[in-house]
Amino acid sequence: MTLVLLPLVGAVGFWAVQGLWEWAWSAISGPPGLTAFASRTVGGEHLYLDPKAATDPATVCKRGIPVTAAGKPASLPITLQAKTDEAIMVIGIEVSVVSSEPPPKGGAVAEPKGCPTALKGSAFDVDLTRIPSPVVPAAGKGGGHQATDLPFTVTADDPEQLNLRLSPGGKDVRFAVKIEWVADGKYGSVTLNGDDRDRERDGFRVMGRPHSSSAPEGN
């Protein structure tokens, strides 16, 4: 009887220790979650500067708002990474238009020379002229983009780089982005709501350059 009980007791003790370790590790690492980071919209054919902004290269890159042209959308690079070792499944990308107005009449337009550009990664086209704005995979359109569709998995060791390719039409558009995810049967979301170029109003900003008198004129 002793020979039978000892292995059984050992097995029970092993599983108890393993369960305690998993509980302790979960408590230390915290619940699963997703970190999303987007500093600003980049790219575009030109960058718009308001009348009070300086036109030196540093100011142009830091304060300029991307101005798109037909076939040349601006991009919003987004980096996604899991907060813990548990894999996160990204199930949705939602873009909400905060405001859509005619482009400003004043100011200047400069070329984005030496400014940051979108990194290679999974690309999605966003039509900001429609509400709600559809987010569609842009695979196969060149630029080194990867073929990725929803859903996809993100881990702490394997982050995901996204590029939202923005088409605002002939409008000055502000927008926010919500990333939806699930992990271990739990739903969560992260909302990105603007960069540091305009602290007075919510939303990332991008604008078109229509063929009209309201389009900003270059220097």
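Quick rundown of the values:
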read-out: Carbon/sulfur fraction of accessible area - the range 53-110, other protein chains in place, 1.4 Å, %; value: 53 percent
read-out: Amide hydrogen neighbours beyond the local backbone of Ile91, cut-off 5 Å, H modeled; value: Glu180, Trp181, Val182
read-out: The range 178-185 - phi-based ³J(HN,Hα) in whole Hz, Karplus 6.51/-1.76/1.60, Gly and Pro as x; value: 10, 9, 9, 8, 9, 7, 6, x
read-out: Subset of Lys72/Lys120; Lys62/Lys113; Lys83/Lys120; Lys113/Lys171; Lys120/Lys186; Lys105/Lys178 violating a 21 Å alpha-carbon distance limit; value: Lys83/Lys120; Lys113/Lys171; Lys120/Lys186; Lys105/Lys178
read-out: Heavy-atom accessible area per residue - the range 58-125, 1.4 Å, Å²; value: 47 Å²
read-out: Nonlocal amide H pairs with Asp125, under 5 Å, H built at 1.01 Å; value: Val136, Ala138, Arg165
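The values are calculated or read from the model by the stated rules, or taken from the named source; none is laboratory data. Worth saying up front: this structure is predicted, and the values here are computed from it rather than measured. To get the accessible areas, we keep the full protein, side chains included, count just its heavy atoms, and leave off ligands, DNA and RNA. Shrake-Rupley method; radii C 1.70, N 1.55, O 1.52, S 1.80 Å.
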